[in-house]
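Let me begin by presenting the structure, written as structure tokens, before commenting on it.
The values are calculated or read from the model by the stated rules, or taken from the named source; none is laboratory data. A quick note: this is a predicted structure, and the numbers were derived from the prediction, not measured. Using ideal geometry, Cβ is built from the backbone for each residue, glycine included, and neighbour counts are taken over all protein chains shown.
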Amino acid sequence: MDAEAKGLPCLDVSAVAPAWDRFVHSFLEGYFERNPTFSQWAGRHEHDGRLPDWSPEGIAERAAWLGAERERALAFDPDCLDERRRVEREAVAAQIDSDLFWVEGGWPWRNPIYYAGPMDPALYLTREYAPLEQRLRAYLEYAKAIPATAAQVRANLKTPMPKTFAELGEMSFRGLAGYFESDVPPVFAPVEDPDLQAAFREANAAAAVAVRELGDWFHDQIASAPEEGFALGADLFLRMLRETERVDVSLADLEAAGRRELERNLSALREACAGWAPGVSVAECLARVQAEKPPEGPVGAARRQLAGLRRFVEETALVSIPGDEQAQVEESPPYQRWNSAYIDIPGPLDKHLPAIYYISPPDAAWSPEERAAYIAGEADLLFITAHEVWPGHFLQFLHSNRAESLVGRLFVGYGFAEGWAHYSEELIWEAGFGADDPKTRIGQLQNALLRNVRYLVALGLHTGGMSLAEAERMFREQGFQDAANARQQAARGTFDPAFLNYTLGKLMVRRLREDWTSSRGGRAAWREFHDRFLSYGGPPIPLVREAMLGAGGQLF
């Protein structure tokens, strides 16, 4: 704790606040320095071109620094801080615990996903935060760093690794190589400096070779890779939830909540299908809805859907829209196609830059039937678009990027972000969106069931001895996913054990809404609740619950 904060009476909160604020500034500067790709994403571009030090020594130094910073943060007596700073104190500790968990849980030594995200070069290519020549110079430094970084990744990862991990590495890094070779040069072609272009060609070619060789190394692991070996185990899984989401419950309670939610949505789906297509099975009902593909393709259809969704949010006043920004829609780059859809939103320190909602095309290696089935139907895509943009991630980040707390703006957690986005899908249906079209309800439930099965598959794969084949079957039979999506989702569950956070976060938001609005007019208070909830930025939802309602009470 800062020396000047020691001994200050808690009656004088204003005397402690400056010391806390100085700590936050110091912590964030140290965090940016040790996590340069996070700094770049956030909009602090003095770290452009740098990649993290992933040597064992670099990883150990970051962990030791984080542990020391945690002690500094918790040395501040929360009774000496106002509400915003009390939440910040807990949020800083939670972010540190989350970072430390993934290191102590072995992610740098066993999981390529630890590296794939920070190595993404999209920042320099898709965000026009600076003139093109300046971004090319930053990209040039990034490309020069790639060969050494790829060598660190290969040296760190232990073999044999689970087959799904090896396949993820192959797809990510071979895809990145193709991106370097095909997609990057046209972006920087308008830069006229011949010396800069020559340096770019040399560095970009070397970067492509390095990541292709890394992808080939992953490919070589696949033949001998075991199907198993991915499970965290019950103790580590529960520790993950405590340290990354501040959720401390038993496995039995977790599973019971997930099964209740799955059955609630299955029952609603049976009812919706009986009303729309009486006399056919639920599977056939869903197949008919899914067969109604958007004629202009998913990217064009998503662009069309955005206007109607925004208009509905405005007209119903479900939640404030604190800006006039719009999201773009594009096809996903090859190295990110393990995820069917996602959104890239500029960081809170970047201004006036577009967010891009990406949709992945089917893999060309799949059969024609699988490729056709993978493309979302109109109703399904509608709620993917709601999840990613209105009123999901994009709207949430319009709020978080304006949060009073810089800590809240910078650190938006998995459970908060995905919980809100998934919650928002059902929210618009509850508020009457598509009420005149029963297929809308079916599309919403199809998305809900996907997230419900993720929740139970995460528990099964990592704590219950579930096999990959059993997980895939559950996605087919209870999540009603096509074969390619079921394979992709089951594999994701092995290397992304926290993907239960979609449903877990939604359950926590719903319970908090119920508890907070019960004495404030119920549904009439929804807008006030949503604006207040989103005002915190993105800390673990239990911290928001405590700030809004005080300690105690059921999380979900």
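Quick notes on this one:
- Within segment 24-104, helices (runs of 4 or more DSSP H) holding 2 or more residues that are of a type in the set (Lys, Arg): 56-74, 83-104
- Residue list for segment 283-298, restricted to those being surrounded by fewer than 17 Cβ atoms within 10 Å (Cβ to Cβ) and part of a helix (DSSP H, G or I): Ala283, Glu284, Ala287, Arg288, Ala291, Gly297
- Residues of segment 331-362 that are surrounded by 16 or more Cβ atoms within 10 Å (Cβ to Cβ) and charged (D, E, K, R): Arg337, Asp344, Asp350.
- For segment 93-120, a tally of residues being within 27 Å of Tyr536 (Cα to Cα) and more than 19 Å from the chain's Cα centre (by Cα) returns 1.
- Condition check for Ala166: in a helix (DSSP H, G or I) and over 20 Å from Thr494 (Cα atoms): no
- Count of residues meeting criterion [buried (at least 17 other Cβ atoms within 10 Å of the Cβ), over 16 Å from Asp350 (Cα atoms) and not small (Gly, Ala, Ser)] in segment 115-130: 4
- Boolean, Arg337 is more than 16 Å from Ala122 (Cα to Cα), out of contact with any Phe, Trp or Tyr (no Cβ under 6 Å at 6 or more places or on another chain) and in contact (Cβ under 8 Å) with a residue 24 or more places away in the chain: no
- Residue match in segment 106-114 (condition: in a helix (DSSP H, G or I), closer than 30 Å to Ala155 by Cα and among the small types (Gly, Ala, Ser)): no
- Of the candidates Leu238, Leu269, the single residue that is touching a residue at least 12 places away in the same chain (Cβ under 8 Å) and within 25 Å of the chain's Cα centre (by Cα) is Leu238.
- Residues satisfying the criterion are present in segment 131-142 (criterion: closer than 25 Å to Asp344 by Cβ, assigned to a loop (DSSP other than H, G, I, E, B), outside the structural domain of Tyr536 (by TED's automatic domain parsing) and at pLDDT 95 or above).
- Only helices (runs of 4 or more DSSP H) whose full extent lies in segment 459-556 are considered here, and the ones with at least 3 residues that are closer than 29 Å to Gly347 by Cβ and in contact (Cβ under 8 Å) with a residue 40 or more places away in the chain are 483-495, 501-517, 526-534, 541-549.
- Residues in segment 315-341 that are at pLDDT below 95 and part of a helix (DSSP H, G or I): Pro334, Tyr335, Gln336.
- In segment 315-330, residue surrounded by the fewest Cβ atoms within 10 Å (Cβ to Cβ) [restricted to those that are out of contact with any Leu (no Cβ under 9 Å at 6 or more places or on another chain) and closer than 18 Å to His393 by Cβ]: Asp324
- Of the residues screened, Leu534 is one that is buried (at least 20 other Cβ atoms within 10 Å of the Cβ) and under 22 Å from Ile321 (Cα atoms).
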